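Please read the structure below before turning to the comments.
The values are calculated or read from the model by the stated rules, or taken from the named source; none is laboratory data. From a predicted model like this one, the values you see are computed outputs, not experimental measurements. Here the Cβ is made from the backbone with ideal geometry for all residues, glycine too, and neighbour counts use every protein chain on show. Remember, those area values only see protein heavy atoms, side chains included, never the ligands or the DNA or RNA. Shrake-Rupley method; radii C 1.70, N 1.55, O 1.52, S 1.80 Å.
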Amino acid sequence: EAIVCQFIPLTVPPLLPGSSLYLKALALGVDTVLDSYRQTLVRVEQKCISEPQLPLSHLQHQLEDYQQLLPSLDACVKLVHRNKLCGCQILSHLHQQCSTGIPIIQRAYERVLATCHGVLYKQLSAWMLHGLLLDYQGEFFIEAAREAPAEDHGDQSEGGDGSEAKEGTVQPLEPKSTSLFRIEHSLVPSYIPLRVIEKILFVGEAVQIFQSQAQAQHTHMGVGSKLKSDQFRFGQMLAELQKQPVFSLREFERTIDSIRDCVAEHLWRLLVEESNLIAHLKTVKNFFLLGRGELFLSFVDLAHSFMKLPPTNTTQHDVNVAF
């Protein structure tokens, strides 16, 4: 109990920059589980005061369940500190602890895991509904790719994101058409399949495409506005998942699939109908895949005069101009 009681005040104080949200949630969940233990101690103390001749066997009976629970919580906290678990790694460890045949320990870890899931669902809501990566110290399993293409402002923006992550501040990455994200596999919870994580990544990236398109057109009409009408429903679906006392992978995947299907339909309309994808593909076919051979015939006739000569320093430039 001593280790657990030392762990709680170190992590429960108000959130500071650089502090772990998942460690806060873990401490809060453990503190909630220990409420019943504290209440039992109060009742036992009052009983001892009112009945001084109370036998020791009565105390052992009242605290029997906690003789198993407290050592388990103590070992859990020590393992988190010793292995320096962070972010969704804590979720994986707690989920493993729920697989036990001792009811009181199973119920306790399910309550702690549900508290930590609150952080996960908030990050999922920000990412899947608004395309924002809200993260403290890189605890989420989706992160901005460090190897983004270098452009005029790429180094500056990428460096800014990195400094914010080091300082532990929130990273509300603004939707950009050049933003790249990837899955950090070491932070993926062990009980969530990779196929579900990939769908989550797809939804957030698609939402960013919608927002970038709306900003480019300086309008809120079209697919972006239609998707916004579904955001409230998506938020309610994630909130219902968060209320469940025990995590259900089937319900979780079903919710993610529903959101993914809706977003994919909006993305298809944006690309195929509004952006006229078929016409663009036909243009690519005609121009680059010899769909219209007369274009390349004209290019060959125009470039024949200097392509038959040995290459010089200006040959590449001349070919590009002719093309």
Could you figure out which of (1) at pLDDT below 90; (2) within 30 Å of residue 63 (Cβ to Cβ); (3) open to solvent by less than 60 Å² (accessible area, probe 1.4 Å); (4) outside any loop (DSSP other than H, G, I, E, B) isn't true of residue 160? (2)
Which one of the conditions (1) among the aliphatic types (A, V, I, L, M); (2) in contact (Cβ under 8 Å) with a residue 24 or more places away in the chain; (3) out of contact with any Lys or Arg (no Cβ under 6 Å at 6 or more places or on another chain) does residue 33 fail to meet, given that it meets all the rest? (3)
For the range 166-192, which residues satisfy the criterion of being loosely packed, with under 13 Cβ neighbours inside 10 Å and either at pLDDT 95 or above or touching a helix residue (DSSP H, G or I) at 6+ places or on another chain (Cβ under 6 Å) (or both)? 177, 190
State whether the residues of the range 105-123 include one that is polar (S, T, N, Q), surrounded by fewer than 15 Cβ atoms within 10 Å (Cβ to Cβ), outside any loop (DSSP other than H, G, I, E, B) and under 24 Å from the mean Cα position of the chain (by Cα). no
Would you confirm whether or not the range 295-310 contains a residue that is modelled with pLDDT of 80 or more, outside any helix (DSSP H, G or I) and open to solvent by 90 Å² or more (accessible area, probe 1.4 Å)? yes
Matching residues in the range 33-77 - criterion: being within 20 Å of residue 99 (Cα to Cα) and polar (S, T, N, Q): 67, 68, 72
Residue list for the range 83-94, restricted to those being part of a helix (DSSP H, G or I) and either open to solvent by 30 Å² or more (accessible area, probe 1.4 Å) or touching a strand residue (DSSP E or B) at 6+ places or on another chain (Cβ under 7 Å) (or both): 83, 89
Listed residues 292, 254, 250; which is under 22 Å from the mean Cα position of the chain (by Cα) and surrounded by 11 or more Cβ atoms within 10 Å (Cβ to Cβ)? 254
Residue 7 is checked against (1) assigned to a helix (DSSP H, G or I); (2) open to solvent by 50 Å² or more (accessible area, probe 1.4 Å); (3) modelled with pLDDT under 85; (4) not acidic (Asp, Glu) and fails just one. What number does that condition carry? (2)
Residues of the range 34-82 being assigned to a helix (DSSP H, G or I) and in contact with a Ser or Thr (Cβ under 9 Å, 6 or more places away or on another chain), in sequence order, are 62, 66, 72
Given (1) out of contact with any Gly (no Cβ under 9 Å at 6 or more places or on another chain); (2) within 30 Å of residue 180 (Cα to Cα), number of the condition residue 61 does not satisfy: (2)
For residue 211, indicate whether it is open to solvent by less than 70 Å² (accessible area, probe 1.4 Å), modelled with pLDDT under 90, of a type in the set (S, T, N, Q) and in a helix (DSSP H, G or I). yes
Of the candidates 137, 97, the one satisfying the condition of being at pLDDT 70 or above and open to solvent by 60 Å² or more (accessible area, probe 1.4 Å) is 137
Could you tell me whether the range 88-107 includes any residue that is of a type in the set (Gly, Ala, Ser) and touching a Leu at 6+ places or on another chain (Cβ under 8 Å)? no
Could you list, in sequence order, all residues of the range 236-293 that are modelled with pLDDT of 90 or more, part of a helix (DSSP H, G or I) and of a type in the set (Ser, Thr, Tyr)? 255, 258
